[in-house]
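The next block holds one structure in the form of structure tokens; read it before the comments.
The values are calculated or read from the model by the stated rules, or taken from the named source; none is laboratory data. Bear in mind the structure is a predicted one, so any value in this text is a computation, not a measurement. Positions of Cβ are generated from backbone atoms using ideal geometry, with glycine treated the same way; all protein chains shown enter the neighbour counts. The accessibility values were calculated without ligands, DNA or RNA, using every heavy atom of the protein model including side chains. Shrake-Rupley method; radii C 1.70, N 1.55, O 1.52, S 1.80 Å.
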Amino acid sequence: MIDHVQMSEIMFRIAELSATSVNRGSAQVSPYQGLRRESICRALVSKAVAMVKDFQPQSITKILWSLATLDLNPGDQFMSAMSKQAIERAVLFTPQNVADFMWAHAKLGIKPAADLVDAMSTTAVVTEREFNPQQIGLLMWSFAKLD
């Protein structure tokens, strides 16, 4: 049985391969490949909702980053489940997790609930000295885009 780490890693590799193809100029993806990639991701998203309580910050962030990179909106049920888990685990988020998590929301055009923004903002303030310039920029862009 697949666990949350493996699931997020599969999604991450799919997104990474897609991004690499685009960056290398081979953005031509056959309709079959695109549909296959999307159906694999949607199946993983459905499975993720059922096992959301197992997800740790790294897995939450990786799967959301992957979906945003692939421009796949996972739907309200998934976003609600992941948001609740992120709020519960917010104190465990690293600066990279916070920045990527908020970037994924902004990229997908999904405005997070106020309690999620509060949790991520509080974590960012508590860990502010650990943020590097790129993470700060990404987080600021995300908040501006979501405003």
Let me confirm the definition first: pairs of Lys residues in the chain, 8 or more apart or on different chains, C-alpha distance under 18 Å. How many are there?
9
Could you check the spin-label model distance between V117 and W141? Points 7 Å from the Cα along Cα→Cβ, value in nm.
2.0 nm
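Per-residue ellipticity at 222 nm for the chain, helices alone: DSSP H runs ≥ 4 residues times -39500 (n - 2.57), over residue total, nearest 500 deg cm²/dmol? Please list the in-between numbers first.
Working: 7 runs with 107 residues, N = 147.
Calculated from helices alone, the mean residue ellipticity at 222 nm is -24000 deg cm²/dmol.
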Give me the percent of accessible area attributable to carbon and sulfur for the chain, probe 1.4 angstrom.
56 percent
Please report Rg (one decimal) and Dmax (integer) in Å for the Cα set of the chain.
15.1, 46
I'd like the orientation of helix 114-126 relative to the chain: the angle between its Cα long axis and the longest Cα principal axis, in ° from 0 to 90, rounded to 10.
70 degrees
What distance in nm separates the simple spin-label points at L92 and M1, each placed 7 Å from Cα in the Cβ direction?
1.8 nm
Relative contact order as a percentage, region 4-146, C-alpha pairs under 8 Å and 6+ apart, gives 26 percent
The rounded separation in angstrom of the Cα centers of region 79-101 and region 121-147 is 13 Å
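How much area per residue is accessible in the chain when the probe is 1.4 Å and only protein heavy atoms are counted (Å²)? Spell out each step's value before the answer.
Numbers: 8230 Å² over 147 residues.
Per-residue accessible area for the chain comes out at 56 Å².
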